[in-house]
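Beneath this line is the structure, given in structure tokens, with notes to follow.
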Amino acid sequence: MYPPPAPARRDFISVTLSPGRSYDGGQGLRRRSCWRKWKQLSRLQRTVVLFLLVVLMLFGLLSYVHVADEWTAVDSRSAAAWQVRPANPPVLPAPRKAAENPETVAGLSPQKPQRHLRRGPPNLQMRAPDGDAQERRQAQAQRRAEVVGEAGWGLEAQRDGLSWRGTGTKPPQGTEPPGKKAERPPRPSPKAVRMQASPASQNERQKAVVDAFLHAWAGYRKFAWGHDELKPLTRSFSEWFGLGLTLIDALDTMWILGLKKEFQEARKWVSRRLLFQKDVDVNLFESTIRILGGLLSAFHLSGDVLFLTKAEDFGNRLMPAFRTPSKIPYSDVNIGTGVAHPPRWTSDSTVAEVTSIQLEFRELSRLTGDKKFKEAAEEVTRRVHALRGKLDGLVPMFINTNSGSFTHLGVFTLGARADSYYEYLLKQWIQGGKKESQLLEDYLEAVDGIRKHLLAKSEPRKLTFVGELNHGRFSAKMDHLVCFLPGTLALGAHHGLPAEHMELAQALMDTCYQMYRQMETGLSPEIAHFNLHHTKAVKDVQVKVADRHNLLRPETVESLFYLYRLTGDRKYQDWGWEILHSFNTYTRVPSGGYSSISNVQDPRHPQPRDKMESFFLGETLKYLYLLFSDDPDLLSLDTYVFNTEAHPLPIWAPS
Ligand code: DMJ
């Protein structure tokens, strides 16, 4: 009646996959039961399970690809590259107690983590510097250093940390313009061997400058060692690039002032702590004139190739700034990633900034034999030369990095954003042995443009000053920055330019001095406005509340140095002496350092701003020291040309 029971169904998997195996550890049974369970699931349940499985597999696949990429990247970087970038990369030493000697404390001090200063939209990002190429370049530089060491130059410095050579211990070396790849190792400048000062050879005023320097240095050393700038009131520091800016800016000043111990200690910091592999944005112009210029100058004066090696490394890291549609460089570049960009608010660069890096880049090419530095910088000069929008040789203040054209047309000044354009026209011409006539022509035309459009006389003393032109309207406003001009004009006259340049230099020098003299503290404001009206008992120099600060700037004492050196008139030394006295009276901070002040018209409350700019050591005190020297061979103006941060570089074919 009942149908016979159906034969037991054999499990398909166990029969087909395990033929002839009597015992499989229970796996067959498990498979059988899994399969049964699977078959018992509804269609919907099976779909869900299958979907989850597919998702899991996709996830696994993606993870694999990512991990594989990571390993490929790790493989492609050299071991060395990883060694120089530890997880918590050290660059700057922590602040030290006053008693500690910055460079003799054993071991490395705790480091601050790197700041991330990468800025700019992603579409501006460019290729990071090639790690391998960088290593190759460093190795080449190191090899050159060894060759130079073997040749006798810098050998003592490498062995002992510093060589303070005596007069005439080496034959004078000539300089030569940059040509093809250097066939000989780089040589420091011809006068390096004579560049030493002993206290015995210093006059009283020079000793006062040395005293001021040591006071400033003591503050920096105690409270800001290895950092960018000293904050002397709060006894701390501020960072701009995080590259020991003050220390680098001050290296050649220490050499010139004969401060051997201080120089040696700073050199040690450069050797051990100055690393440029940092994720940090630097301003192309500021870092070129202060860091690149400072290192090149330290190399020339001391003959120590350490400084050239560092300069080349740094120069390479600045190069991405030139990769723009117009070849006019961006204002900022990240020296770690090679990402360059303009300021956040514009695609313009400042005219003075892009035209005041040439002395340094040209010299770097000459020393390294690598033409790329010179070519990039000179391309800018060529393009600016050909631009429309000038007024009788005067240039606007901005230039666009996309179009390569001037922007904000119709505004002309010799102050901020244009100043050193004029200075570098003349100085490049001098640096190159007075052969590059286009530079000279542009300079001469600009001086005529200044005469024609920007000069005026104040009341009541009839001081000649350089004003500004704003769409045809003259403004009697003159930045302290313009006070570089008397020195530059005098330098040109010394190199054979018209004598009337020297007359104008002297007239402007009087004016710059009066910008100090007519202030209650004896210190110039940042910006002066000249009185044009004939009324009794009014000062020529007037100051707006927003402009009455003094940042310890160098331009006036810089020009005093040129004027004294080139005329021999001692009144310029006396004026410089007065200015040094005022700095000491109103800006010297007892615990160490000097501070910029907010009010040059209030001797009772000059309001220190708690900042010592690096150029106070790099420029102001250096020029004062040179001003008080009666030795025309101390950095002869026929042998050296000073960059705009007062770092002397050799003239390629000295007269
Ligand atoms: C310096 O950095 C340089 O002299 C630059 O050319 C202008 N500004 C400061 C000093 O005032």
(request) List every residue pair whose Cβ atoms sit under 8 Å apart, with the two residues 6 or more apart in sequence or on different chains, where the first one lies in the range 408-421 and is in contact (Cβ under 8 Å) with a residue 24 or more places away in the chain and outside any loop (DSSP other than H, G, I, E, B) and the second, anywhere, is within 10 Å of the ligand (Cβ to nearest atom) and among the charged types (D, E, K, R). (result) Asp419/Asp479
(request) Return the residue satisfying two criteria in turn: it lies in the range 548-575 and is among the charged types (D, E, K, R) and in contact with a helix residue (DSSP H, G or I) (Cβ under 6 Å, 6 or more places away or on another chain), and of such residues it is nearest to the ligand (Cβ to nearest atom). (result) Arg553
(request) Output the residues belonging to the range 628-648 that are within 16 Å of the ligand (Cβ to nearest atom) and farther than 20 Å from Ser238 by Cβ. (result) Val641, Phe642, Asn643, Thr644, Ala646, His647, Pro648
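This table checks each residue for (1) more than 16 Å from the ligand (Cβ to nearest atom); (2) out of contact with any Lys or Arg (no Cβ under 9 Å at 6 or more places or on another chain); (3) β-branched (Val, Ile, Thr).
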| site | (1), (2), (3) |
| --- | --- |
| Met509 | yes, yes, no |
| Glu526 | no, no, no |
| Leu532 | yes, no, no |
| Ala537 | yes, yes, no |
| Ala546 | yes, yes, no |
(message) Among the residues of the range 412-423, are any away from the ligand (no atom under 16 Å from the Cβ), surrounded by 15 or more Cβ atoms within 10 Å (Cβ to Cβ) and not acidic (Asp, Glu)?
(response) yes
(request) Among the residues of the range 207-222, write down those that are surrounded by fewer than 19 Cβ atoms within 10 Å (Cβ to Cβ), farther than 15 Å from Phe583 by Cα and charged (D, E, K, R). (result) Lys207
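Residue by residue through the range 595-615, note down the ones that are of a type in the set (Gly, Ala, Ser) and either within 16 Å of the ligand (Cβ to nearest atom) or within 15 Å of Asn584 (Cα to Cα) (or both). Give the derivation first.
To start, the set of residues in the range 595-615 that are of a type in the set (Gly, Ala, Ser) comprises 595-596, 598, 614.
Hits for the range 595-615 are Ser595, Ser596, Ser614.
Count, please, the residues in the range 251-261 that happen to be more than 16 Å from the ligand (Cβ to nearest atom) and either without any contact (Cβ under 8 Å) to a residue 40 or more places away in the chain or surrounded by 21 or more Cβ atoms within 10 Å (Cβ to Cβ) (or both). Full working, then the answer.
Of the residues in the range 251-261, the ones more than 16 Å from the ligand (Cβ to nearest atom) are 254-261.
If we keep only those that are either without any contact (Cβ under 8 Å) to a residue 40 or more places away in the chain or surrounded by 21 or more Cβ atoms within 10 Å (Cβ to Cβ) (or both) as well, we get 254-257, 261.
Looking only at that region, the number is 5.
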(request) Working only within the range 292-336, note down all residues that are farther than 19 Å from Leu274 by Cβ, in contact (Cβ under 8 Å) with a residue 60 or more places away in the chain and not aliphatic (A, V, I, L, M). (result) Pro320, Arg323, Thr324, Pro325, Ser326, Lys327, Pro329, Tyr330, Asp332
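Scan the range 368-377 for residues that are out of contact with any helix residue (DSSP H, G or I) (no Cβ under 6 Å at 6 or more places or on another chain) and in a helix (DSSP H, G or I) and report the count. Spell out how you get there, then give the answer.
Quick first cut of the range 368-377, residues out of contact with any helix residue (DSSP H, G or I) (no Cβ under 6 Å at 6 or more places or on another chain) only: 369-370, 372, 375.
From what is left, the residues that are in a helix (DSSP H, G or I) are 372, 375.
The number of residues fulfilling the criteria is 2.
Using the structure shown, decide if Thr368 is away from the ligand (no atom under 16 Å from the Cβ), polar (S, T, N, Q) and within 23 Å of Gly449 (Cα to Cα).
Details: away from the ligand (no atom under 16 Å from the Cβ): yes; polar (S, T, N, Q): yes; within 23 Å of Gly449 (Cα to Cα): no.
In short, no.
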(message) Name the single residue that is farthest from Lys622 (Cα to Cα) among those in the range 278-295 being touching a His at 6+ places or on another chain (Cβ under 7 Å) and within 16 Å of the ligand (Cβ to nearest atom).
(response) Gly293
(message) If a residue must be within 16 Å of the ligand (Cβ to nearest atom), out of contact with any Lys or Arg (no Cβ under 9 Å at 6 or more places or on another chain) and closer than 20 Å to Pro396 by Cβ, how many such residues does the range 462-500 contain?
(response) 6
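For Arg344, state whether it is modelled with pLDDT under 95, more than 17 Å from Leu440 (Cα to Cα) and assigned to a loop (DSSP other than H, G, I, E, B).
Details: modelled with pLDDT under 95: yes; more than 17 Å from Leu440 (Cα to Cα): yes; assigned to a loop (DSSP other than H, G, I, E, B): yes.
Yes; evaluated as a whole, the condition is true for this residue.
Specify which of the listed residues (Gln573, Gln601) is surrounded by fewer than 24 Cβ atoms within 10 Å (Cβ to Cβ) and within 22 Å of Ile256 (Cα to Cα).
Gln573
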(message) Suppose the filter is within 20 Å of the chain's Cα centre (by Cα) and assigned to a strand (DSSP E or B); does Ser349 pass it?
(response) yes
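Does the range 296-312 contain any residue that is within 16 Å of the ligand (Cβ to nearest atom), over 30 Å from Leu454 (Cα atoms) and modelled with pLDDT of 95 or more?
First pass over the range 296-312, keeping only residues within 16 Å of the ligand (Cβ to nearest atom): 296-297.
Retained after the next criterion (residues that are over 30 Å from Leu454 (Cα atoms)): 296-297.
Add one more test, that the residue is modelled with pLDDT of 95 or more, and what stays is 296-297.
Yes.
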(request) Scan the range 493-512 residue by residue and report those that are more than 29 Å from Gly522 (Cα to Cα) and part of a helix (DSSP H, G or I). (result) Ala493, His494, Ala499, Glu500
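For a quick check of your reading: which strands (runs of 3 or more DSSP E) sit entirely within the range 436-480 and have at least 3 residues that are surrounded by fewer than 21 Cβ atoms within 10 Å (Cβ to Cβ)? Can you show your working first?
Working: elements: 455-457, 464-466, 468-470, 473-475, 477-479.
Result: 455-457, 468-470, 473-475.
Could you list, in sequence order, all residues of the range 511-522 that are more than 16 Å from the ligand (Cβ to nearest atom) and either of a type in the set (Lys, Arg) or touching a residue at least 60 places away in the same chain (Cβ under 8 Å) (or both)?
Matches in the range 511-522: Tyr513, Arg517, Met519, Glu520, Thr521, Gly522.
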(request) Would you check if Pro396 is within 14 Å of Leu284 (Cβ to Cβ) and part of a loop (DSSP other than H, G, I, E, B)? (result) no
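The values are calculated or read from the model by the stated rules, or taken from the named source; none is laboratory data. None of these values were measured; they are calculated from a predicted model. Glycine gets a Cβ as well: all are built from the backbone with ideal geometry, and neighbour counts include every protein chain shown.
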